[in-house]
Amino acid sequence: MPLVTTNNGYDIGFEEAGGGSAIPVVFLHGVGSDKSVWRPQLEHFGPERRAIAFDYPGYGDSDPAPAGTTRDDYAAAIISAMRELGVDRAHVCGLSLGGVVAIAMHAADASRCASLILADTFAVHPDGQGIYDRSIAASGDLRAMAEARVDLLLAQPADPAVRNEVVETMARIDPAAYRIGAEAVWLADQQERAAHINVPTLVICGTEDKVTPPALSDALARLIPNARYEIIGGAGHISNLEDAGTFNALVGRFIAEVETT
């Protein structure tokens, strides 16, 4: 897979499809995943525009993340990687941790964000500390964690192929990187940042999301001025994989409206 070197000398993994003059779309993965989770979206949006899915530092094909790496460091790395790839501005779509990072990107440099799409995420999680503590306790064996958590992550009954993909992707993550990602997502409190978002924003959540329930997405959408909130019936926490068709349609329609307004 290709790599891009950021301004601090770290190589970041990415996967890209498409081209042309339309505003690109950037995809940001969750804590138990990597850029590969976005392949249905790269395939869908690639024919009409550049579509780029990134790994965070420590994830996928990226260089290891040093101790103390934060969600703001993830945001800075993605902004730098965009710049190196010639992407001055993009629709930024993040799921779970990706949504947290997208909000941090907007706080760091709103000019980079043509819009935000925040899926199955939150501004602050009421059980964030508890989820973090349980994640850290189980992070020594990520395959075992994946097998134990997958049926909570996905709406049931889950597609066996999707279930297997989720397990195999999580099992590949370096435990040290996972622990950094877990802190970045579950201990986040970005309520003030969300209230100051000034770009068009779409909030999406699966109705069966047990990890970041729809109430948290609804609360996030209410914090963000003029945000739109959409639900995907029957999807769980990884809504872009569980119902890629509906997810892509919602994102595509939103982007089209943003670009014609």
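Looking at region 205-244, which trypsin sites (Lys or Arg not before Pro) are in a loop (DSSP not H, G, I, E or B) and have at most 14 other Cβ atoms within 10 Å?
210
If R₀ is 30 angstrom, what is the calculated FRET efficiency for the pair residue 192 and residue 259, using the beta carbon separation as r and rounding to 0.05?
0.55
Just from its helices, what would the mean residue ellipticity at 222 nm be for the chain, if runs of 4 or more DSSP H residues each count -39500 (n - 2.57) and the sum is divided by every residue, rounded to the nearest 500 deg cm²/dmol? Intermediate values should be presented prior to the final figure.
Values: 11 runs with 116 residues, N = 261.
Counting only the DSSP helices, I get -13500 deg cm²/dmol.
Quick one: check the C-alpha center-to-center distance for region 103-169 versus region 220-261, whole angstrom.
Going from one Cα centre to the other spans 17 Å.
Which of the peptides 65-75, 113-123, 178-188 is most tightly packed, and how do the rest follow, judged by the mean count of other Cβ atoms within 10 Å per residue? Don't jump to the answer; show the numbers that get you there.
On the way: 65-75: 17.9, 113-123: 26.6, 178-188: 22.5.
In descending order of packing, they fall as 113-123, 178-188, 65-75.
Suppose all protein chains stay in the model; what accessible area per residue would a 1.4 Å probe give for the chain, in Å²?
Details: 10190 Å² over 261 residues.
Ligands and nucleic acids excluded, the result is 39 Å² per residue.
Pull up all non-local amide H partners of residue 32: gap of 5 or more, or a different chain, and H-to-H distance under 5 Å with H placed in the peptide plane.
It is none; the list stays empty.
Find, to one decimal place in angstroms, the Kirkwood hydrodynamic radius of the chain, where the mean of 1/r is taken over every pair of different Cα atoms and then inverted.
Taking every pair of different Cα atoms in the chain, averaging 1/r and inverting gives 17.8 Å.
Distance in nm between label sites at residue 147 and residue 226, each 7 Å beyond Cα in the beta-carbon direction?
5.1 nm
The values are calculated or read from the model by the stated rules, or taken from the named source; none is laboratory data. Everything numeric in this text was worked out from a predicted model, so none of it was measured. Neighbour counts run over all protein chains shown; Cβ positions are idealised from the backbone, glycine included. The protein model used for the area step is the full one, side chains on, heavy atoms only, and it has no ligands, DNA or RNA in it. Shrake-Rupley method; radii C 1.70, N 1.55, O 1.52, S 1.80 Å.
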